[in-house]
Amino acid sequence: MTGKPGSNRGWHTETMAVHAGEFVDPATRASSPNLVMSVTFAPEAVTGFSARDEQGYDGFVYGRVGSPTVAQLEAKLAALEGADAALCFGSGVAAAHALICGRLGRGDHLIVPDANYVGIAELARDTLPRFGIEVSYVDIANTGEVAAAIRPNTRMLWLETPANPTMKLCDIAALARLAHERGVRDVAVDSTYATPMATQPLALGADFVVHSLTKYIGGHGDAMGGAVLGRKADLDALNLEATVHFGGVLSPFNAWLILRGAATLPIRMRAHEEAALKVARFLEDHPSVSRVFYPGLASHPQHELARRQMRNFSGMMTFQTRQPGPEIAAKMVKDLEIIHYAVSLGHHRSLVYWIGTPDIQASTFRHDPEQLRRYREYAGDGVFRLSVGIENPDDLIADLARVL
Ligand SMILES: *Cc1c(COP(=O)(O)O)cnc(C)c1O
């Protein structure tokens, strides 16, 4: 069940983050959203049994088709992203899977980035071909390479910007225009790193936006979730098939936690960006750091694109050290006092993790030597992925100085 479109468009972002999708409960006058855990709902009239029969019915019937707390989160997300509608899932990967498998089938061709989020990269490489979906891996920072990869049966172009973990960007507007001109029906953007505070891909011509709500939008590292946003008609169809049949729905409890997190997204993203810029500058000046990739630094190879496409540079960066990465990583595990050496990102607490080139290779597509050469040229030999939280950046800098 998708949220009511449009009602909050006149509000400023901070106001939408707090109020969109929320309302005073008419029965209790509760000011905060209700957590409704019920999986079934007693309709006021006899409805059909299959989700298809319920298409004309406006109320809730069964939790896998739609449920009230999740619907409130969907309405808030749609307002923040400037989308007609949103659909939530149990994780970011569940959202990606639902979108790809809900839209593509045997004989369709999908273009994915040659380095992107590991779970989706492995889904594309290891699973989709078993179901007859053809997959090509291209450097999406290179428009010519994308153009050359488009085939008559290309149905979806998958973008991720900035990409996890390389921090490479792609030009959403240029690629969406190219894809649509060449007859590609769907342009989907994984905007987890950017968040709606930085970039609104739908306004740049994309058809779908995907978020891992586990990251910045939930923001506190205590609830997994995912979302697909786009046009109402597309998402209604996706709800009917991907949600109802694949079944990867979001728990109302997680929706309730993520609703609370999303309310502070605008102010958190400002704090993430402010702290990250300070930390990035510290790293860039540090003698044992050889390279920092942060879109907010003039040294980022695509800084111009970042300034054009991102209103907030977020808290994500990667860096490389002169000493071997695994040695520094071992020190981090032992000696960091504030920053957690742990995977995931976008939480209020800072997180750092070492990602070696063989690990990236194992999970993406760098089997051909030319791709590997270009990757090493871009990112050297492994990266530390740092998610700068909302702690005081001076404390984070002191913590990093301890291990560098
Ligand atoms: C984490 C992440 C995902 C997957 O989200 P989960 O909630 O962990 O399933 C997808 N894309 C990006 C860019 C991510 O960082």
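Given the structure, is Cys88 modelled with pLDDT of 95 or more and under 24 Å from Leu345 (Cβ atoms)?
Yes.
Considering only residues that are more than 13 Å from the ligand (Cβ to nearest atom) and not charged (D, E, K, R), which ones fall in region 171-189?
Ile172, Ala173, Ala174, Leu175, Ala176, Leu178, Ala179, His180, Gly183, Val184, Val187
How many residues does region 151-165 contain that are part of a loop (DSSP other than H, G, I, E, B) and more than 11 Å from the ligand (Cβ to nearest atom)?
The qualifying residues number 3.
Taking the options Ile339, Ile328, Ile390, Ile355, name whichever one is of a type in the set (Val, Ile, Thr) and within 16 Å of the ligand (Cβ to nearest atom).
Among Ile339, Ile328, Ile390, Ile355, only Ile355 is of a type in the set (Val, Ile, Thr) and within 16 Å of the ligand (Cβ to nearest atom).
Over 30 Å from Thr15 (Cβ atoms), touching a residue at least 24 places away in the same chain (Cβ under 8 Å) and in contact with a helix residue (DSSP H, G or I) (Cβ under 7 Å, 6 or more places away or on another chain): is that true of Leu123 in this structure?
yes
Tally the residues that are hydrophobic (A, V, I, L, M, F, W, C), under 15 Å from the mean Cα position of the chain (by Cα) and closer than 24 Å to Ala233 by Cα, restricting the search to region 160-214.
Total meeting the criteria: 10.
From the list Ala223, Ala203, exactly one residue is assigned to a loop (DSSP other than H, G, I, E, B) and surrounded by fewer than 23 Cβ atoms within 10 Å (Cβ to Cβ). Which is it?
The conditions single out Ala223.
Can you pull out every residue in region 104-142 that is surrounded by fewer than 16 Cβ atoms within 10 Å (Cβ to Cβ) and hydroxyl-bearing (Ser, Thr, Tyr)?
Hit for region 104-142 is Thr127, nothing else.
For region 238-249, indicate whether the set of residues that are under 30 Å from Met37 (Cβ atoms), β-branched (Val, Ile, Thr) and not in a helix (DSSP H, G or I) is non-empty.
Scanning region 238-249 turns up at least one residue that is under 30 Å from Met37 (Cβ atoms), β-branched (Val, Ile, Thr) and not in a helix (DSSP H, G or I).
Under 6 Å between Cβ atoms, at least 6 apart or on separate chains: pull out the pairs that start in region 232-252 with a residue that is among the small types (Gly, Ala, Ser) and end on any residue that is part of a helix (DSSP H, G or I).
Listed pairs, sorted by first residue: Ala242/Ala98; Ala242/Gly102; Gly248/Ala94.
What number of residues in region 40-72 are small (Gly, Ala, Ser) and modelled with pLDDT under 80?
Qualifying residue count, region 40-72: 5.
Could you pull out every one of the helices (runs of 4 or more DSSP H) wholly within region 328-404 that has 2 or more residues that are of a type in the set (Phe, Trp, Tyr) and at pLDDT below 95?
Once the helices (runs of 4 or more DSSP H) in region 328-404 are filtered for at least 2 residues that are of a type in the set (Phe, Trp, Tyr) and at pLDDT below 95, what remains is 369-379.
Identify the single condition in (1) among the charged types (D, E, K, R); (2) more than 16 Å from the ligand (Cβ to nearest atom); (3) within 26 Å of Cys170 (Cβ to Cβ) that Lys76 does not satisfy, given that it satisfies every other one.
(3)
Would you call Ala83 at pLDDT 95 or above, assigned to a loop (DSSP other than H, G, I, E, B) and either surrounded by 24 or more Cβ atoms within 10 Å (Cβ to Cβ) or not assigned by TED's automatic domain parsing to the domain that holds Gly219 (or both)?
yes
Looking at region 85-100, I want the residues that are within 17 Å of Phe131 (Cα to Cα) and have a partner that is more than 8 Å from the ligand (Cβ to nearest atom) and among the acidic types (Asp, Glu) with Cβ atoms under 9 Å, at least 6 apart or on another chain. Which pairs are those?
Qualifying pairs under 9 Å: Ala98/Glu241; Leu99/Asp186.
Based on this model, can you work out whether Leu250 counts as within 16 Å of the ligand (Cβ to nearest atom), aliphatic (A, V, I, L, M) and more than 30 Å from Asn142 (Cβ to Cβ)?
Yes; evaluated as a whole, the condition is true for this residue.
Taking Ile217, is it part of a loop (DSSP other than H, G, I, E, B), over 16 Å from the mean Cα position of the chain (by Cα), within 16 Å of the ligand (Cβ to nearest atom) and surrounded by 22 or more Cβ atoms within 10 Å (Cβ to Cβ)?
no
Check region 250-270 and report whether any residue there is under 17 Å from Val388 (Cβ atoms) and touching a Phe, Trp or Tyr at 6+ places or on another chain (Cβ under 6 Å).
no
Tell me, which residue of region 293-325 that is closer than 19 Å to Tyr375 by Cβ and free of Cβ contacts under 8 Å to residues at least 40 places away in the same chain is nearest to the chain's Cα centre (by Cα)?
Ser299
Restricting attention to region 189-200, and to residues there that are touching a helix residue (DSSP H, G or I) at 6+ places or on another chain (Cβ under 6 Å) and among the aliphatic types (A, V, I, L, M), which single residue is surrounded by the most Cβ atoms within 10 Å (Cβ to Cβ)?
It comes out as Val189.
Filter region 84-98 down to the residues that are away from the ligand (no atom under 11 Å from the Cβ) and aliphatic (A, V, I, L, M), then identify the one that is nearest to Gly247 (Cα to Cα).
Ala98
The values are calculated or read from the model by the stated rules, or taken from the named source; none is laboratory data. Quick caveat, the model's predicted, so the values are computed rather than measured. Glycine also receives a Cβ, built like all others from the backbone with ideal geometry; neighbour counts cover every protein chain displayed.
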